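Structure first, commentary second.
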Amino acid sequence: MLKLFPKVFMLLWLAASGAAFSQAEVAGSLAEREMRVLATEFPGRMAGTAQERAAAEHLVARLSAVGLSAELQPFPVRYTHVPAGATEPVEFEGVSHNVVVDIAGRSNEMIIVGAHFDTAVSRNLEQAEAGIGGPDLQGLDDNASGVGVLLELASELAGAAPEHKIRLIFFGAEEVGLQGARYVVAAMSPEEREQVRLMINIDSIITGDHLYVHAGPVTVAADPAHAWARDRLLALAEELGIELKTNPGLNEDYPAGTGCCSDQVAFDEAGIPVANFEATNWRLGNLDGYQQTEVSDAFPDGETWHNAHLDRIEHLEAHLPPGRLSERPAQVLQILLPFVWESAGI
Ligand SMILES: [Zn+2]
C-alpha cells in the first residue's frame, strides 16, 4: 500500500492537471529542451561529416536514456558543396546515417514517424560567404525543432505495446536531396511498402507564422482517401482548440491540402500515405510555402532557411513572438500523441 501510494497520488495529480498519457511534464517540455541541445551543441550537422555522426550518436544516447534501443543505419552520400574556408565547390563523398528505433507491434503493419537531424551545406561560394549552410548553422527551426518533437514522442512510446509497429526515423542527409529518406524507401520491398499504413514527417515548426499539416500530392492524386491522416489531425487540432491549417492551394503547382519538399516526399512518391507537419505561411511570397513570415528588419527575406545568422536560438528568441519556442513543440505533441495512440492502436 505504501509502495502504491506515490503512483496513485501521481495518477490523481495527472487527472487533476489534465495531463495526457503518462507524462508528469507538460507536453513539449522535453522537445524544447532537446531542440536547444541539438542546435547549440551540434551546429553544422552536414551530411556525412563528423559533426553529423556525432549528432547521430547523441540521439542514440538520448534514446537509450529513455529505455529505447536505436540503430545507426549507414548509407552512402554524395553532393557538391563549398567546405568551410574553401573558394571552390568540391564533390563530397562519404557516409551519412539514419537513426532508427522500432516499437514492436502485434500486426505486420507499421507507422513511420520521421524528422531529419542534418543541417544544410553551402552549395556555392555566394552561399558560403553569406552564411547559408555550413559549419555555423544551428538549424534550430530546420530541423532541431522536429527532432525535439520526435524525441519526446519516443520517450512517450517507451514501453508501449501497440497493435501496429511504430518506426521512428531521425533522417540524415535530408538537406542534400532527401538521401536518408530515399535510402529507406529504396531498401523496402514492395510488400514492406504495402505494410506501411502512414509516414508522418516533422520539419521546421518554429519560424513560420502558422502550423500546417499536409497530405502527399502523389498519393492523394491517386486516391483522395490517402489524405485520411491529414484530415484526422486537422479534426483533432480543432477539438483541442489548436490552430492547424493545410495548404490553401493558391499556387497550382502545390494542390490544396498537399505539401512538399521534405523527407515525406520519398514516401509519397513510393505510394505510401503521408502527413507532414511544418510551420510557414502559404499566403506569402510565391504562395509555395517557402516564405515563412512577413519581411522585416529581423527577417529580410521573410525566412530563415539555412541561414546561420537567422536560424539560431538568439535570433529567433529575440524576434519571434514571445514563447514561440515552447508553444510550437507543445502544440504539435498535443495533436500528435493522441493521433499516434489511436492510429497505432495503443
Ligand atoms: Zn528541413
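The values are calculated or read from the model by the stated rules, or taken from the named source; none is laboratory data. Since this is a predicted model, take the numbers as computed values, not measurements. FYI the Cβ positions are ideal-geometry reconstructions off the backbone, even for glycines, and counts take in every protein chain you see. Just the protein is used for accessible areas: all its heavy atoms, side chains included, with ligands, DNA and RNA removed. Shrake-Rupley method; radii C 1.70, N 1.55, O 1.52, S 1.80 Å.
Numbers for the structure displayed
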item	result
Failed item in (1) under 15 Å from Ile112 (Cα atoms); (2) in contact with an Asp or Glu (Cβ under 7 Å, 6 or more places away or on another chain); (3) open to solvent by less than 60 Å² (accessible area, probe 1.4 Å), with Leu168 passing the rest	(2)
Residue within segment 101-116 that is under 13 Å from Arg167 (Cβ atoms), of a type in the set (A, V, I, L, M) and outside any strand (DSSP E or B) present	yes
Selection status of Gly139, open to solvent by less than 10 Å² (accessible area, probe 1.4 Å), more than 13 Å from the ligand (Cβ to nearest atom) and closer than 20 Å to Asp311 by Cβ	no
Residues (open to solvent by 30 Å² or more (accessible area, probe 1.4 Å) and among the polar types (S, T, N, Q)) located in segment 221-250	Thr246
Residue check for Ala215: more than 15 Å from the ligand (Cβ to nearest atom), modelled with pLDDT of 95 or more and surrounded by fewer than 24 Cβ atoms within 10 Å (Cβ to Cβ)	no
Any hit, segment 173-183, residues being more than 14 Å from the ligand (Cβ to nearest atom) and surrounded by fewer than 24 Cβ atoms within 10 Å (Cβ to Cβ)	yes
Segment 194-208, residues that are more than 12 Å from the ligand (Cβ to nearest atom), closer than 26 Å to Val332 by Cα and charged (D, E, K, R)	Arg197
Meets criteria (farther than 22 Å from Phe267 by Cα and touching a Leu at 6+ places or on another chain (Cβ under 9 Å)) for Val82	yes
Filter result (within 12 Å of the ligand (Cβ to nearest atom) and open to solvent by 10 Å² or more (accessible area, probe 1.4 Å)) within segment 263-275	Val265
Condition met for Gly159 (on the phi > 0 side of the Ramachandran plot, modelled with pLDDT of 95 or more and open to solvent by 10 Å² or more (accessible area, probe 1.4 Å))	no
Filter result for the condition that a residue is within 18 Å of the chain's Cα centre (by Cα) and of a type outside the set (Phe, Trp, Tyr), over Gly133, Gly94, Gly105, Gly148	Gly148
Residues of segment 43-59 classified as under 15 Å from Ala115 (Cβ atoms) and open to solvent by 20 Å² or more (accessible area, probe 1.4 Å), total	1
